[in-house]
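Structure first, then comments.
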Amino acid sequence: MRENATPCTFAPASPADLEALLPYYRQAAARPDCPWSQDYPDQATLEADQAEGRLFCAKDPEGQVMGAYVLTFGDEGTEAQTFWTKGLEPAGEVVRLLTAAPYENQGLGGRLLADAVARLARMGCRSCRILVAKDNRRALRAYEGQGFVYVGLARLYGTDFACFEKPLEGETI
């Protein structure tokens, strides 16, 4: 953990966490390298993710939301890509990974990703997949630095995504 990193805990998001998350997603959507919009993700998307137990948050010692991610399985668009390593299935996917602006540059994105990877490994997944907008250089560097391997480019939801995967054997935190 970085020296200036705020301590945090990771847990499934509660309904109360959604109020803090939506403005953070809106701030991120304003960045030119972010494929999200002011309409996506919306409150209904976050509520569905939370209700289905797929949305996880990082919180500081006072309980403030610092970031989040969603785990998905079997997304039709992702699964239709032919470049994924067949021997690394079943796979889980990390989507909508978010570091809230006040907590950027503290290594939180890496900690969120490590938590997601360990969670997928405990669930029996053999790999973790991530799609990142091909122009999001900061995220591309971060995923490569976490041991993800670029496997191909996909055009989904009107965006060109660089696609990464990581074997999960032995992944724990």
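Kindly provide the GluC sites (Glu not before Pro) of the stretch 69-173 that DSSP labels as loop, not H, G, I, E or B, and whose Cβ sees at most 16 other Cβ atoms within 10 Å. If you can, show how the numbers build up before the last one.
On the way: sites: Glu76, Glu79, Glu93, Glu104, Glu144, Glu165, Glu169, Glu171; in loops: Glu104, Glu169, Glu171.
Those satisfying the criteria are Glu104, Glu169.
For the stretch 61-151, what does the alpha-carbon gyration tensor say about shape, rounded, prolate or oblate, given a ≥ b ≥ c as the root eigenvalues, a/c under 1.5 as rounded, and a/b over b/c as prolate? Walk me through the intermediate numbers first.
Values: a/c = 2.07, a/b = 1.53, b/c = 1.35.
Since a/c reaches 1.5 and a/b is larger than b/c, the shape of the stretch 61-151 is classed as prolate.
At 1.4 Å probe radius, can you tell me the per residue accessible area of the chain in Å²? Let's see the in-between values first.
On the way: 8730 Å² over 173 residues.
Heavy-atom accessible area per residue stands at 50 Å².
When a/c reaches 1.5 or more, the comparison of a/b and b/c decides; with that in mind, is the chain rounded, prolate or oblate per its Cα gyration tensor?
Numbers: a/c = 1.42, a/b = 1.25, b/c = 1.14.
Here the chain falls in the rounded category.
Report in % the part of the accessible area of the stretch 68-173 that belongs to carbon and sulfur, leaving out ligands and nucleic acids; probe 1.4 Å.
Numbers: 2480 of 4960 Å².
Whole-percent figure for carbon plus sulfur exposure: 50.
Would you kindly compute the Cα radius of gyration of the stretch 14-90 and its largest Cα-Cα separation (Dmax), both in Å?
Cα-based Rg and Dmax for the stretch 14-90 come out at 14.8, 44 Å.
Output the Kirkwood hydrodynamic radius of the stretch 113-173, Cα pairs only, in Å rounded to one decimal. Don't skip to the answer; put the middle values down first.
Details: mean 1/r = 0.0834 Å⁻¹.
With all distinct Cα pairs of the stretch 113-173 included, I get 12.0 Å.
Leaving out same-chain residues fewer than 8 places away, which aspartates and glutamates sit with a Cα under 16 Å from that of Lys59?
Cα-Cα hits under 16 Å: Asp17, Glu19, Glu104, Asp115.
In the stretch 1-147, if the dipole is taken from +1 on Lys/Arg beta carbons and -1 on Asp/Glu beta carbons about the Cα centre, which of Ala58, Leu22, Leu120 is farthest to the positive end?
About the Cα centre, the residue reaching furthest to the positive side is Leu120.
The values are calculated or read from the model by the stated rules, or taken from the named source; none is laboratory data. All values derive from a computational prediction rather than experimental measurement. A quick note on method: Cβ atoms are made from the backbone with ideal geometry, for glycine too, and the neighbour counts reach across all protein chains shown. Side chains included, ligands, DNA and RNA excluded: accessible areas come from the protein's heavy atoms. Shrake-Rupley method; radii C 1.70, N 1.55, O 1.52, S 1.80 Å.
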